[in-house]
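The numbers here are math on the coordinates, done by the rules we state, and not lab data. Since the model is a prediction, treat every value here as computed from it, not as a measurement. Cβ placement follows ideal geometry from the backbone for every residue including glycine, while neighbour counts extend to all protein chains displayed.
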Ligand SMILES: Nc1nc2c(ncn2[C@@H]2O[C@H](COP(=O)(O)OP(=O)(O)OP(=O)(O)O)[C@@H](O)[C@H]2O)c(=O)[nH]1
Ligand SMILES: [Mg+2]
């Protein structure tokens, strides 16, 4: 006995095929639903498969041969047709790909990113944001924006600016102690003495939203020619007293003498913190300032991200409360500053942007960074809603 299988799209169609070929000699055994045709599991259709047998004795040998040959031909034709269908599908897929590549919407760029993100990334790069900061922002954007939302460049840009702004941490004003002792440390030539003079003036005069206070300055920079004269010059212009001290004991005594003052500002020598002797000396000085002394680290805005992070780390033993960014006027790109602050989780206290005492200093504020980013169009009212307004700076 010979068992055979036939497939088709409906039960009726298969039965008709079987009957046409074998007549009454075909005895159906079973039937089941199957998936037929298709390619790699795709495009398959539902059909019916019938298993039947043909009574040998009802077929003559010649008929059997004819049936076998016919069967072979049919199977061959089906295979050819199936191959043809696959080829057609493949060529359609190819054509579709070409159409998308040539005329369709640009979904990705050569680097695989959406054009909005590529554009914003190159602007961040132009502003000197570090590659890790950029990568973090972009990966957040990829996960939070849908493809449709990415088409809206302005919206994505606006949100990105908010994310950058949200990462800027500001030092909270500390008014509880009296006298408040502020110590400025930092690398050579970043503007510590100038900043001390500016801070002295604005606190004394009650500028920048501050109350007018009784202020004293102390310098421990008595070794270098001209250093003492520099701060004394500022002090005399502002009519503020300045003391110079040579040892930690001197410093302690001077601070004790000024205990009724509101604010004491201590200027230090800018030396490389890599110098171990200097480090120990500095530590003694800070100890002499008392446990409530607020140490701030001054760094220039022109410092490269990696160097800035190194400075943050090297001055770590002084447990500074926050950072003062100086020389903001010397660069139009502050991504390096924002990257270093964010990566090392450092709060920022003051920004200085010029040599003029006391005008060129202000409290740090996210808008001061965001409004100055090159190639971005920040929405000022929205940013002010989020971070608070700041006065427009008028520069002479
Ligand atoms: N453009 C610009 N120059 C500044 C700023 N702050 C300070 N400077 C200048 O930077 C130079 C060094 O300033 P100082 O205040 O002496 O710097 P310092 O950190 O005390 O230097 P050392 O005591 O030698 O470590 C001076 O020419 C200042 O006028 C600023 O915000 N912008
Ligand atoms: Mg100095």
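Looking only at the range 180-364, where both bridge partners belong to it, what percent of the DSSP beta bridges are antiparallel (to the nearest 5)?
Just about 10 percent of them are antiparallel.
Which of the peptides 159-167, 186-194, 8-16 is most tightly packed, and how do the rest follow, judged by the mean count of other Cβ atoms within 10 Å per residue?
Details: 159-167: 18.1, 186-194: 20.7, 8-16: 14.6.
The densest-packed peptide leads the list: 186-194, 159-167, 8-16.
Using just the alpha carbons, could you tell me how many Å³ per residue the convex hull of the range 229-311 encloses?
135
Enumerate the whole-percent occupancy of each 5 Å bin, from 0 to the last occupied one, for all C-alpha pair distances of the range 115-166.
4, 20, 37, 28, 10, 1
Given 37 °C and 0.692 mPa s, how large is the Stokes-Einstein diffusion coefficient of the range 180-364 in µm²/s, with Rh as the Kirkwood radius over Cα pairs?
Once the numbers are plugged in, D ends up at 199 µm²/s.
Using the basic label-point model (7 angstrom from Cα toward the beta carbon), what is the residue 158 to residue 17 distance in nanometres?
Those two pseudo-labels are separated by 6.2 nm.
Going highest first, how would you order 298-311, 202-215 by mean Cβ packing within 10 Å?
For the peptides 298-311, 202-215, the packing ranking is 298-311, 202-215.
Set the Förster distance to 25 Å, then compute FRET efficiency between residue 224 and residue 257 from the Cβ-Cβ distance, nearest 0.05.
On the way: r = 25 Å, r/R0 = 0.98.
Once rounded, the FRET efficiency stands at 0.55.
If each residue of separation counts as 0.36 nm, what is the full-extension length gain between residue 236 and residue 32 once their alpha-carbon separation is subtracted?
That pair, residue 236 and residue 32, stretches by 63.1 nm at full extension.
How many nm separate the modelled label positions at residue 316 and residue 280, each set 7 Å beyond the Cα in the direction of the Cβ?
The answer from the label model is 2.2 nm.
Would you mind ranking 75, 180 by Cβ crowding within 10 Å, fewest neighbours first?
Fewest to most other Cβ atoms nearby, the residues stand as 75, 180.
Provide the packing ranking of 363-372, 22-31, i.e. peptides ordered by the mean count of other C-beta atoms within 10 Å per residue, highest first.
Listed from highest to lowest mean packing, they are 363-372, 22-31.
So what does log10 I(q)/I(0) come out to for the range 284-396 at q = 0.22 Å⁻¹, using the Debye formula with one equal point on every Cα and no solvent?
-1.31
Work out the FRET efficiency for residue 246 and residue 384 from their Cβ-Cβ distance, taking R0 = 56 Å, and round it to the nearest 0.05.
For R0 = 56 Å, the calculated efficiency reads 0.70.
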